[in-house]
2 protein chains.
Amino acid sequence: MARRRDLADQQQRLSAATWSVLAERGLPGLTLRAVAERAGCTTGMVLHTFADKQALLVHARELLHRRTGRRADAAQATAADPVEALRAVLLQAASPTEEKREEARVWVGFLAAALADPVLADLHRDYNRRFVTRVRELVRAARPDWRPVQVTDTATSLVAVVEGLNALACLDPETYDERTQQTALDATLARLRAEP
Amino acid sequence: MARRRDLADQQQRLSAATWSVLAERGLPGLTLRAVAERAGCTTGMVLHTFADKQALLVHARELLHRRTGRRADAAQATAADPVEALRAVLLQAASPTEEKREEARVWVGFLAAALADPVLADLHRDYNRRFVTRVRELVRAARPDWRPVQVTDTATSLVAVVEGLNALACLDPETYDERTQQTALDATLARLRAEP
DNA sequence: GCGTTACCGTAACGTACGCTACGGTACGGG
DNA sequence: CCCGTACCGTAGCGTACGTTACGGTAACGC
């Protein structure tokens, strides 16, 4: 035996660096050298922690999912009734804080990368479906009288609005500012309060 | 004087090849060599037609905008009343035909590329704002009684839904199939038929 | 038909990439 | 205290990229 390292910590730091580079330089700027520089180490250490670049990407994608999931959990927990929980979850997912816009840029980067990478595509599909499921459960709780199809359709609509706002606000935060995003979400949520 | 070439035709063929490569291989696969191979020529010819890679990208981005704009014009022209015109424009923008899904993939690719390229970012902003303006005018025509803020908010909501559906359907066409997209759009359009 | 000139294919340059092999280094076990 | 081993920095490999320089080639004016 010899030196022991904290593998999980290294993985987290490296995937955080991956994320940071992705948000700042975009997909073309995401290189092993850039990640190593951001993490304050060398490419050798990066490739001793992850087998190859794709493994690093996969881990960073999981990190993004865990982070958004945790924030959604927190938003969901603070609300009292189901409608407010739904609104809180969706608002934090689309809120135009700088942190969230960074997440949106990273999300777009992974989306584009997934178009040419089946592994990332599977991950992206899986994670997005989990978000749809989360929203669907909240919609069902808010409107237990609705038919399942109605619940699912509303959930996918809400997710589409949120992700659309995120993608568009990435490059045009003026047109899609905080008030506009909030208004768009509330207008979509208005269906929950109407009949039948 | 000597040989004369059809510059515009070459530009169009090359940007079409650019688009084709972008849709098939994604952003990382978009190289000058790939474009030249797809266009049936050499990289020398590509760089005699366009100054550099970015000029080619810009031209391909304009081509995408012209193509979507032309399809929107056609959809708008066939409809009789403003509400149907709006629905036709939005439906064709989100319709999950293979051709449209290809456009969506290219759109995502350019979106991701624009995150690190100020020139592409400006173009993207400009083109998206034109689409918002088009939708806004249609909303205003459909509901002349609404206040300008209400018109604008509805327009941005509709655009967000359309682009969100497009982005999500890129990687998960099963969850966001034709019926789901149509239902999501019609539900958002329902506010046009309601009061006030 | 012939010279001139615009055009473009060929080849290669420099660079940066992902990745690997190797050697130094520091820590844990005896 | 020192041996052994896990760790990781260094250096460089092969490749593919964007870009450029140059020479061949085909068309137009005369």
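Label-point distances for B:Pro144 to the equivalent site in the other copies, using a point 7 angstrom along Cα→C-beta, read 4.8 nm when ranked shortest first. In terms of its C-alpha gyration tensor, the protein assembly as shown comes out oblate, because a/c is 1.5 or above while a/b does not outweigh b/c.
Placing a label point 7 Å from Cα along the Cα-to-Cβ direction at B:Thr42 gives distances to the equivalent points in the other copies of 4.2 nm, listed shortest first. Here the dipole of chain A is about 600 debye; that uses its Cα centre as origin and unit charges on the Cβ of Lys and Arg (positive) and Asp and Glu (negative). A helix-only calculation puts the protein assembly as shown at -26500 deg cm²/dmol for mean residue ellipticity at 222 nm, using -39500 (n - 2.57) for each DSSP H run of at least four residues, averaged over all residues. When the charge dipole of region A:118-165 is built from unit charges on Cβ atoms (+1 for Lys and Arg, -1 for Asp and Glu) and taken about the Cα centre, the candidate among A:Ala160, A:Ala142, A:Ala121 whose Cα reaches farthest toward its positive end is A:Ala142. Take the Cα of B:Ala2, go 7 Å toward its beta carbon, and the backbone nitrogen atoms of region B:31-51 under 15 Å from that spot belong to B:45, B:48. The GluC sites (Glu not before Pro) found in region A:103-196 that occupy coil by DSSP, while having at most 15 further C-beta atoms within 10 Å, are A:Glu174.
Once each of the trypsin sites (Lys or Arg not before Pro) sitting in a DSSP loop with at most 15 other beta-carbon atoms within 10 Å is removed, chain A keeps A:6-196 as its longest stretch.
Spacing of the modelled spin labels on A:Val149 and B:Thr175, each 7 Å from Cα toward Cβ, amounts to 2.1 nm. Distances between copies at A:Thr31, taken between label points 7 Å from Cα along the C-beta direction, are 1.5 nm in increasing order. Cβ-to-Cβ counts within 10 Å put B:Asp177, A:Asp117, A:Asp153 in ascending order as B:Asp177, A:Asp117, A:Asp153, the fewest first.
Laboratory data are not the source of any read-out in this text; all were calculated from the coordinates shown. Because the structure is predicted, anything quoted here is derived from the model rather than measured. All Cβ positions, even for glycine, are placed from backbone atoms using ideal geometry, and neighbour counts span all protein chains on display.
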